[in-house]
Amino acid sequence: MKRKIFIILALAVMVLIFRFSMQNSSESSGISSKVTDFILNKFVRDLSADKKKNFLEDAEYIIRKLAHFSIYTVLGFCISSAVGRRRILSVGSMITVFIGFIYACSDELHQYFVSGRSCRFTDVIIDTSGVITGIIISVVLFRFCDWFKQRFMQSPS
């Protein structure tokens, strides 16, 4: 049952990624700008207009790459959790990386056909790194849950 839930969640994340990739450059940039502006206003307050503009341009690039990494981390976590308990270096983990890599490639190819967007292999690498991070998080979380159950949930002998 848990595997089916994670498969459904992975498919939902894939749909979300596809939807984000459908946005043209101005729509995508608009979302990134809003997030960057929000962060800037919360954490960096005393900047002149020129410095704020330069900072926004630099920070927006980083925010966009972090968005790629983050959503693919969630995807990697969901796929990895659907595969189940295992070691980090296992066939199941390699299959998860492969699925994430192929989806990242298809996502970048899809963006190539969207107005103002581009197809970048560096984004595939960032996305695949996110998938690997999601795998590591899921394996560590499963191990922690197993340890916790053994340590605190066993009935006294």
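All of the numbers you see were taken from the coordinates with simple rules; none came from a lab. Predicted model, so just to flag it, every value in this text is computed and none were measured. Positions of Cβ are generated from backbone atoms using ideal geometry, with glycine treated the same way; all protein chains shown enter the neighbour counts.
Here are some notes:
- Degrees between helix 91-112 axis and first principal axis of the chain (Cα, 0 to 90, nearest 10): 20 degrees
- Centroid-to-centroid separation of region 9-49 and region 74-126 [C-alpha atoms, Å]: 20 Å
- Residues Met22, Met14, Met1, Met153, sorted so that the one with the fewest Cβ neighbours within 10 Å comes first: Met1, Met153, Met22, Met14
- Distant-in-sequence amide contacts of Arg117, defined by a placed amide H-H separation under 5 Å and a gap of 5 or more residues or a different chain, comprise Ser25.
- Inter-label distance for Arg86 and Arg151, nm, one decimal - labels placed 7 Å from Cα along Cα-to-Cβ: 2.7 nm
- Using θ = phi - 60° in the Karplus curve 6.51 cos²θ - 1.76 cosθ + 1.60, the 3J(HN,Hα) couplings for region 138-150 round to 5, 5, 5, 5, 4, 5, 4, 4, 5, 4, 4, 4, 5 Hz; x is entered for Gly and Pro.
- Mean Cβ neighbour count within 10 Å, used as a protection proxy, ranking 106-116, 125-135 highest first: 125-135, 106-116
- The chain: angle of helix 25-43 to the longest principal axis, Cα-based, in degrees nearest 10: 80 degrees
- Positive-end residue of Phe113, Phe18, Tyr61, charge dipole of the chain with Cβ unit charges: Phe18
- Here each label is just a point 7 Å from Cα along the line to Cβ, and for Phe121 and Ile5 those points are 4.0 nm apart.
- Around the Cα centre of region 1-145, unit charges on the Cβ atoms of Lys, Arg, Asp and Glu (plus for the first two, minus for the last two) sum to a dipole of about 720 debye.
- Of the trypsin sites (Lys or Arg not before Pro) found in region 60-149, those in coil by DSSP whose Cβ has at most 11 other Cβ atoms within 10 Å are Arg87.
- Top positive-direction residue, dipole computed over the chain with Cβ charges, set Tyr72, Leu9, Phe98: Leu9
- For Lys42, the lysines whose Cα falls under 28 Å of its own Cα, not counting residues fewer than eight places away in the same chain, are Lys34, Lys51, Lys52, Lys53, Lys65.
- Taking the longest Cα principal axis of the chain as reference, the axis of helix 2-22 is set at about 10 degrees.
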